[in-house]
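These notes are about the structure you will find just below.
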Amino acid sequence: MLAKRSLEKEDKSNIITLGSIAKKLKSEDPSVINSTIGMMYDEDGKLFVFDSINKVLNDLSNEEKFAYAPTEGNKEYQEALKKWLFKGHYDLFKNQSIVSATPGGSGALSNSFSNYLNSGDKALLPSYMWGNYKQMLYENNQGYVCYELFDEYGCFNLEDLKKKAYELKRTQDRILIVINDPCQNPTGYSMRQSEFRNLIVLLNELSSDGTNVILVHDLAYLDFDVNPYFVNRSNLELYDNIKDNVLVILAFSGSKSFGLYGLRVGAMVGISKDEKVLEEFSRANKFSSRSKWSNTTNLGMNLISKIILDEKLLDKYIKEINYVSNLLNDRANLFKALAIKYNLHLLNYKSGFFLTIPTNHPWEVYEDLVKEKIHIIPMDKCIRVTLSSISMVEIERMVEVIARIIKLHS
Ligand code: PLP
């Protein structure tokens, strides 16, 4: 019954399938370690919920919770997001940027591919990545080419990105690059400011012959970097240097930053020097949103905007998000210290929900770890450990086992 292109459609995402196996086993046996879920859990194994969010939830009117919202999002939300994302650089970007609400970062990524690549075009994706990018591209009849995320020193591989971009330029009239920064999923890598600066030089260079260049900056984990205030926002400030036919799209996720995973709230924020590019951004993305999901939840948008625009609530929220980043950092430090002790090699982790361990036999490692009641995600040439969903006690138990099994399959 399926149409031709849909015959191949099957969600083979390990994260969803293996995550639900782990969840079921853990509900039957609490000693199972479920290191698969990209949600934040406290040390007692409970989903972390922001008190500040709950406080606003109780105070919202029925209208604010349940009424339909405008397709592009309500004005308050659009303004609040600019304030949150650009912080000290708000004045610089307020007229060079435009916000379109989406259900999570996923909606922002999906619209970016729909509106900035033609059918048959290819996007440039990092070699280690969140696999859903590929699925979204397939949905749009588009493809991808991978650039190596790391160079030989474990730093951002700008040279390979440059090479792949110039190769792609021979066959299509536009270049769309996806980066996920900071706290890259799955590696936990965060780009240094100099790497960002060089990336912007490359974008401008690629566009110098009139090619349209689009950078989709997936910042789902923006607020979990070790130093979110100073480092990340000063990276964003560098977007003031983009040339006229470069468009940057920030894909914001309310799932991660505000713990609103199931509420489906996010946004795409276009940054351009050209007013006409921003007008088109608004028009085409509104059309796509209307045709795909109609509008984003008013409840989600109002929860976020009330927090950002109220000084006291914002203060409370910032304390909570700092608590979460510090907890992740503690877990990561413990994991790294034990990895050194047991001679376990990690890819270049800096911060965030996930870290990765390279292996040529991810599935064999996965199966052996399951026998030890440890659930991780096997990926291409690595396994992913989710730090956000495990406790310090569980880390103490798992690193030695992982090291032993990785060695067995090396
Ligand atoms: N980008 C990355 C790298 C992710 O890991 C996720 C979710 O896991 C998303 C984007 C999208 O999240 P959401 O649609 O829930 O905002």
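The values are calculated or read from the model by the stated rules, or taken from the named source; none is laboratory data. Note that the coordinates shown come from a computational prediction; the quantities given were computed from them, not determined experimentally. Cβ sites come from the backbone with ideal geometry, for glycine too, and all protein chains shown count toward neighbours. Protein only, heavy atoms only, side chains kept; ligands, DNA and RNA dropped before computing areas. Shrake-Rupley method; radii C 1.70, N 1.55, O 1.52, S 1.80 Å.
Remarks
- For region 113-158, the tally of residues that are touching an Asp or Glu at 6+ places or on another chain (Cβ under 6 Å), under 15 Å from Gln184 (Cα atoms) and open to solvent by less than 50 Å² (accessible area, probe 1.4 Å) stands at 4.
Table: residues versus (1) open to solvent by less than 10 Å² (accessible area, probe 1.4 Å); (2) within 22 Å of the chain's Cα centre (by Cα); (3) more than 22 Å from His217 (Cα to Cα).
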{"residue": "Phe281", "(1), (2), (3)": "yes, yes, no"}
{"residue": "Lys312", "(1), (2), (3)": "no, no, yes"}
{"residue": "Asp315", "(1), (2), (3)": "no, no, yes"}
{"residue": "Asn326", "(1), (2), (3)": "no, yes, yes"}
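- Residue within region 84-100 that is at pLDDT 95 or above, among the hydroxyl-bearing types (Ser, Thr, Tyr) and over 21 Å from Ile200 (Cβ atoms) present: yes
- Residue identified as within 19 Å of the chain's Cα centre (by Cα) and either outside any strand (DSSP E or B) or among the hydroxyl-bearing types (Ser, Thr, Tyr) (or both) among Lys87, Lys82: Lys82
- Cross-chain or 6+ apart pairs with Cβ under 9 Å, region 312-323 first and under 22 Å from Phe353 (Cα atoms) and hydroxyl-bearing (Ser, Thr, Tyr), then assigned to a helix (DSSP H, G or I) and open to solvent by less than 60 Å² (accessible area, probe 1.4 Å): Tyr317/Ser52; Tyr317/Ile53; Tyr317/Ile307; Tyr317/Ile308
- Residue within region 213-221 that is out of contact with any Pro (no Cβ under 9 Å at 6 or more places or on another chain) and surrounded by fewer than 21 Cβ atoms within 10 Å (Cβ to Cβ) present: no
- Residue within region 299-309 that is more than 17 Å from Leu81 (Cα to Cα), surrounded by fewer than 22 Cβ atoms within 10 Å (Cβ to Cβ) and over 19 Å from the mean Cα position of the chain (by Cα) present: no
- Residue within region 90-106 that is open to solvent by 20 Å² or more (accessible area, probe 1.4 Å), within 16 Å of the ligand (Cβ to nearest atom) and under 18 Å from Gly270 (Cα atoms) present: yes
- Filtered residue count, region 133-192, keeping only those that are assigned to a helix (DSSP H, G or I), within 16 Å of the ligand (Cβ to nearest atom) and charged (D, E, K, R): 2
- Under the condition of being touching a Ser or Thr at 6+ places or on another chain (Cβ under 6 Å) and closer than 20 Å to Leu203 by Cβ, the residues counted in region 238-278 number 9.
- Every residue from region 222-257 that is buried (at least 24 other Cβ atoms within 10 Å of the Cβ) and at pLDDT 95 or above: Tyr239, Val246, Leu247, Ile249, Leu250, Ala251, Phe252, Ser253, Gly254
- Search result, residues across region 334-379 that are within 16 Å of the ligand (Cβ to nearest atom) and among the basic types (Lys, Arg): Lys350
- On the stretch given as region 16-45, residues that are under 22 Å from the mean Cα position of the chain (by Cα), under 27 Å from Asn326 (Cβ atoms) and surrounded by 14 or more Cβ atoms within 10 Å (Cβ to Cβ) total 9.
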